[in-house]
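The values are calculated or read from the model by the stated rules, or taken from the named source; none is laboratory data. Note that the structure is predicted; figures quoted are calculated from it, not measured. Note: ideal-geometry Cβ built from the backbone for every residue, glycine included; neighbour counts use all protein chains shown.
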Amino acid sequence: MPLFIEDLRRQEVSFQSLPAVEGSDWHEQVKGLCTRISSPSTNSTTRLGYYYYLGTLCEVYSWNEIARNEIRQYFQPRKCPDIWKTAQRTFKLYSIRGLDNLFSS
């Protein structure tokens, strides 16, 4: 519990940012991220960053059916809901807590 309280009181400002997502348009960016997320050679910390990026792209369309259908193109039907939820939760968490927490994982 003390560690949690200490983390909440932290006043540090981090100017770290994730590198830009490759792709000339929204659809290509989503395709690239989905490919990286599904790659078995991607380590878990890097994959978490990709989920965050995917969440930022889904936020552009307010998490509507356009974004959901785009993601469905790249994953098996049984896996797609998990990818969607993970992207959504990762985006919300690191949007609130800050990207410096993503880099320290």
Residue that is farthest from residue 27 (Cα to Cα), among those in segment 57-105 that are surrounded by 14 or more Cβ atoms within 10 Å (Cβ to Cβ) and of a type in the set (Gly, Ala, Ser): 98
- request: Inspect segment 7-15 for any residue being in a helix (DSSP H, G or I), surrounded by 15 or more Cβ atoms within 10 Å (Cβ to Cβ), at pLDDT below 95 and among the hydrophobic types (A, V, I, L, M, F, W, C) and give the result as yes or no.
  value: no
